[in-house]
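These notes are about the structure you will find just below.
The values are calculated or read from the model by the stated rules, or taken from the named source; none is laboratory data. Note that the structure is predicted; figures quoted are calculated from it, not measured. No Cβ is skipped: glycine too gets one built from the backbone with ideal geometry, and neighbour counts run over all protein chains shown. Note: areas computed on protein heavy atoms with side chains; ligands, DNA, RNA excluded. Shrake-Rupley method; radii C 1.70, N 1.55, O 1.52, S 1.80 Å.
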Amino acid sequence: MAPLIRRLPACLRALRVPSIAVAKDLLTRQPPKLQLAIDALLIGTSSFFRDDLVFEHLADEVIPAMVARTGKPRVWSAACSNGMELYSVAMMLADHAALSLKQLLGTDFRSEAISEAERGIYSPEAASGIPPTLAKRHLIRGKASVAVAPAIHASVRWECRDLLTDSDPGPWDMILCRNLAIYLESGVVAQLWKKLRAALAPGGVLVVGKAEKPRLNGLTQVGPCIYRKHPVE
């Protein structure tokens, strides 16, 4: 809960109220403002190829093995924010000739995040973390922005979805769910990990944030922030 507590001042500023009590009263009287409060609490920080060690292990070990096993792996980015991490995976899959139309799925509770992900257009600064060889093949550079190439863009579908209450769309060969659990209470976190484990195909991998440790039977850590579902449970 500590990350949420740290975001409370930003939430109060977004609602233009002086205290939590006033915010509760405002949200009771004007429920549509709840989305504004949620967006302020869940800032949705993301970036391309976030955490070098994680993506190096995905590129060197996980994705080649996954492509060899399944051909064109199905990947779900849960709480996908602005889509950068899922587009990063799409670029790596493209280099293995392992992409197809609408093969990947990105979901987020925030409609604004989904709209940004659907556009697939980012600032040059945001794209600076993409390895140069991948950027050359999979980005289209404009005067003041960069866009993901059509083949990358077409491989992903985006949906506004509540991860905790909506049914899962599995099975998936890879699920990215990074830095969401740190905002949740322990009981909800346990439910989240169980739901994601169930949505994984046998042998599939779950990629989480640095501070997150899904300790569940049937999941084994195989790399930095990467957990594999046992082939047979």
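Quick one: ranking 172, 158 by accessible area, 1.4 Å probe, largest first, what do you get?
I get 158, 172, largest accessible area first.
Tell me the per residue accessible area of the range 50-189 using a 1.4 Å probe; a whole number in Å² is fine.
On a per-residue basis, 45 Å².
Looking at the square roots a ≥ b ≥ c of the eigenvalues of the Cα gyration tensor of the chain, which shape do they give, rounded for a/c under 1.5, prolate if a/b is larger than b/c, or oblate?
oblate
Of the accessible area of the chain, with the probe set at 1.4 angstrom, what percent is carbon plus sulfur?
Solvent-exposed carbon and sulfur of the chain make up 57 percent of the total.
May I ask what percent, to the nearest 5, of DSSP beta bridges between residues of the chain are antiparallel?
Close to 45 percent.
Could you state the angle between the C-alpha long axis of helix 2-15 and the longest principal axis of the C-alpha atoms of the chain, as a value from 0 to 90 degrees rounded to the nearest 10?
So the helix axis and the longest Cα principal axis differ by about 60 degrees.
Considering only DSSP beta bridges whose two residues both sit in the range 94-204, what percent are antiparallel, to the nearest 5?
Roughly 45 percent of the beta bridges in the range 94-204 run antiparallel, per DSSP.
Compute the FRET efficiency between residue 19 and residue 167 as 1/(1 + (r/R0)^6), taking r as their Cβ-Cβ distance and R0 = 30 Å, and round to the nearest 0.05.
That gives a FRET efficiency of 0.20.
Exceeding 30 Å between C-alpha atoms, which entries from my cross-link table qualify? They are 72/195; 102/136; 72/210; 33/229; 24/229.
The pairs that break the limit, which is 30 Å between Cα atoms, are 33/229; 24/229.
Once phi is turned into ³J(HN,Hα) by the Karplus curve 6.51 cos²θ - 1.76 cosθ + 1.60 with θ = phi - 60°, what whole-Hz value does each residue of the range 130-140 show in order, with x for glycine and proline?
Per residue, the Karplus-derived 3J(HN,Hα) values read 7, x, x, 5, 6, 4, 4, 7, 10, 10, 10 Hz.
Springs between alpha-carbon atoms under 10 Å, Gaussian network over the chain: tell me which of 203, 83, 71 tops the mean-square fluctuations.
Among 203, 83, 71, the largest GNM mean-square fluctuation belongs to 71.
Between 214, 124, 171, where does the largest GNM mean-square fluctuation fall for the chain, given springs only between Cα atoms within less than 10 Å?
Greatest mean-square fluctuation among the candidates belongs to 124.
Amide H neighbours of residue 47 under 5 Å, counting only residues 5+ apart in sequence or on other chains, H built in-plane at 1.01 Å?
85
Students sometimes get this wrong: rank 160, 80 by accessible area, probe 1.4 Å, all chains present, largest first.
These residues rank, largest area first, as 160, 80.
Search the structure for amide H atoms under 5 Å from the amide H of residue 139, placed 1.01 Å from N in the peptide plane, and list their residues when 5 or more places away or on another chain.
149
Karplus couplings for the range 72-82 from phi (6.51 cos²θ - 1.76 cosθ + 1.60, θ = phi - 60°), rounded to Hz, Gly and Pro as x?
Each residue of the range 72-82 in turn: 10, x, 8, 10, 10, 9, 8, 6, 6, 6, 8 Hz.
Under the rule of at least 5 residues apart or a separate chain, name every residue whose amide H is placed under 5 Å from the amide H of residue 203.
229, 230
Would you look at the GNM of the chain, springs on alpha carbons closer than 10 Å, and say which of 119, 16, 157 moves the most?
Looking only at 119, 16, 157, the biggest GNM fluctuation is shown by 16.
Between the DSSP loop rule and a limit of at most 16 other Cβ atoms within 10 Å, which chymotrypsin sites (Phe, Trp or Tyr not before Pro) in the range 177-233 are left?
none
Using only helices, what value at 222 nm comes out for the chain when you add -39,500 (n - 2.57) per DSSP H run of length 4 or more and divide by the total residues, to the nearest 500 deg cm²/dmol?
Using -39500 (n - 2.57) per qualifying helix, the result is -11000 deg cm²/dmol.
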